[in-house]
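Please treat every number below as a calculation from the coordinates, not as lab data. Since the structure is predicted, the reported quantities are computational estimates derived from the model, not experimental observations. Virtual Cβ from ideal backbone geometry, glycine too; neighbours counted across all protein chains shown.
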Amino acid sequence: MNGNKQTGLTHLHVYNFVIYRMERGTVACILITACRSLRKIHGNSSHVFMNFMEVLRMDAYTRTLRFNHNPLNLILGTEKKKGLRIGYMEAGLQGFYLNSMETGVHPQKLSRLLAEEFHCTDTESVTGLFQFLINEGDRVSYQIMLPYLLSTENINEFESIIQKRFFGVERFIQQGKNLYKFVKYTEERRDPIIWINDLEKGIIGWDMGLLVSLARASQTCGHISKEQAWKYIEQAAQLCSLDLHTAEEIDKSFLLGKAMKSGKIEDWDRLLSCYSLLDRHRK
């Protein structure tokens, strides 16, 4: 590699560092300068440019994520705190408070969330969903897919196997493909590293994280009482504790389950940004 190539790459690394600390107008100027610099770089310039664009995209997602605490000085017991911690990933994605039953989100917005994304509009529908998450959730189909995920070498082989296994159930087939591609995507990024042990622990963190957030939203909308919501939240913590023992394990479990729901890189990037930003809450 000649001196010019090394210089160009070094400049781009500096731009990556600066971009996280600049306002949007300045970022645009830096991007233009970086594009001009890239014209002088040969060989793997397109790969470098894609990495640079990924930094921009991840920064944009970071701006939309909120990790707010309820400003009231709330005193909660240990089990309630453990239960709320299970839901940190979903709370961050939805903009909920992290540390209280109250979400800090307007009830009308929560009602739309429950109705449009989960088809829940009353007590009967939300309790039916909660029982599904407690008893089965997405972790049942995940456990069926997992051996094939760990043993196949390419997406075509994996897709062929799960199409036979889930014949006629297109949702499961699509979720399997999403999961396979997401794991490969994280392998390329190497941030975070998904170990085989993480995959084997499963996605109960996803099912229970969703349960926690939906219980909070349902309580605000009047579908269940606060006492009932806390029971669901504490039950989520108890079920998680059987397989997951650290905050990192909980968040990775959620990460894998949530990633199954979308095949879009932009959705994965926002999810990964949330995981990275929650690192300080895992100390």
With a ≥ b ≥ c from the Cα gyration tensor eigenvalues, square-rooted, and the rule rounded for a/c under 1.5, otherwise prolate when a/b > b/c and oblate otherwise, segment 67-283 is prolate
Kirkwood-based Rg/Rh on the Cα set of segment 99-210 evaluates to 1.04
Sorting Leu278, Ser125, Gln238 by the position of each Cα along the dipole of segment 67-283 (Lys, Arg +1; Asp, Glu -1; all at Cβ), the one nearest the positive end of that ordering is Leu278
